[in-house]
Protein chains: 2
Amino acid sequence: MRRPHHVSSREIERKFLIRRLPVEILRSRHFRLAQGYLANERGGRHVRLRRKGGAMSLTFKVGRGSSREEREIKLSPAQFMMLWPATRGRRLHKTRYEIPWKKLKIEVDIYHRRNHGLMVAEVEFPNHASRRKFKPPRWFGREITGEKRYSNVRLARE
Amino acid sequence: MRRPHHVSSREIERKFLIRRLPVEILRSRHFRLAQGYLANERGGRHVRLRRKGGAMSLTFKVGRGSSREEREIKLSPAQFMMLWPATRGRRLHKTRYEIPWKKLKIEVDIYHRRNHGLMVAEVEFPNHASRRKFKPPRWFGREITGEKRYSNVRLARE
């Protein structure tokens, strides 16, 4: 079988805890996210289901930390509902706020339920140079890029 | 989120090596199968992609041996082609022959490529009573139900 024309994305990103909420969050776009994990291998390889507002998807990821490979497909509601029960006990719920910041976009995740109180900012970069140059805004706290403790796979464990 | 109305299947099956090919195989329905694994957890939980002739699917399974839970969705060709490359190095290829046998159906898998020479029969039962009563036909060899060595996940490891 041949490789598809559609190539996979490779994310370059950094993650930080949040020290205090920025005022910009009050007028930013946001939506609820529910995600659950079908299977997680040691080493970070996993298959995730996600519901983002009305949009449902299945994502394959391999690798951890600042650089990893990702393949995603949209699911119909029927496809999603068939698979979702298999993620019981491996789910997390959060609200994501999207805050434009210079030429980048900061994603702020406010976790719910058992992860209540956790707030994380994620910044995705177009390239490694941009990643290096990045100066975190003042409301960012400690950097947690690559810390397994804050991986969504780990946070979803109930 | 509520459980879907569509409930998952729970397979009751037995697996055997094949001692010799039965004559029935020559006029039986058959098709090529390619399957690859997106992620496998210890304990048998996994997500599989399958192409069966022109039909493509994604299957979640948990548990091993004679009784396990399974959830399956059909994939469009575009969905399948996006995910398939992620199974590189974790694939297997076989031809499946379906042989009606009394009120049951025997599935004979003839493996290809690196598993060339391996032939396995699988019988699925409607209930545990039927499973117990089953008398294997003469062309069956040793029973391998639940033997990890012959699991498809294992055979797909390259």
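The values are calculated or read from the model by the stated rules, or taken from the named source; none is laboratory data. Being a predicted model, the structure only gives us computed values, none of them experimental. Virtual Cβ from ideal backbone geometry, glycine too; neighbours counted across all protein chains shown.
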(request) For the stretch B:90-109, state whether one or more residues are surrounded by 18 or more Cβ atoms within 10 Å (Cβ to Cβ), within 14 Å of chain A (Cβ to nearest Cβ), touching a Gly at 6+ places or on another chain (Cβ under 7 Å) and not basic (K, R). (result) no
(request) Kindly provide the set of residues from the stretch B:36-68 that are surrounded by fewer than 20 Cβ atoms within 10 Å (Cβ to Cβ) and among the polar types (S, T, N, Q), ordered by number. (result) B:S57, B:T59, B:S66, B:S67
(message) Can you list residue pairs whose Cβ atoms sit under 7 Å apart, with the first residue in the stretch A:16-35 being exposed (fewer than 12 other Cβ atoms within 10 Å of the Cβ) and the second being part of a strand (DSSP E or B)? Count only pairs 6 or more apart in sequence or on different chains.
(response) A:R29/A:E98
(request) Can you tell me which residue within the stretch A:54-68, out of those that are modelled with pLDDT under 95 and under 20 Å from A:E122 (Cβ atoms), is farthest from the other protein chains (Cβ to nearest Cβ)? (result) A:S66
(request) State the number of residues belonging to the stretch B:107-121 that are in contact (Cβ under 8 Å) with a residue 24 or more places away in the chain and either polar (S, T, N, Q) or touching a Ser or Thr at 6+ places or on another chain (Cβ under 9 Å) (or both). (result) 4
(message) I'd like the residue in the stretch B:15-53 that is assigned to a strand (DSSP E or B) and charged (D, E, K, R) and, out of all such residues, is nearest to the other protein chains (Cβ to nearest Cβ).
(response) B:R51
(request) Starting from residues that are of a type in the set (S, T, N, Q) and surrounded by 14 or more Cβ atoms within 10 Å (Cβ to Cβ), keep the ones in the stretch B:69-89 and report whichever is farthest from the other protein chains (Cβ to nearest Cβ). (result) B:T87
(request) Please note which strands (runs of 3 or more DSSP E) are completely contained in the stretch B:73-131 and include at least 1 residues that are among the polar types (S, T, N, Q). (result) B:91-101
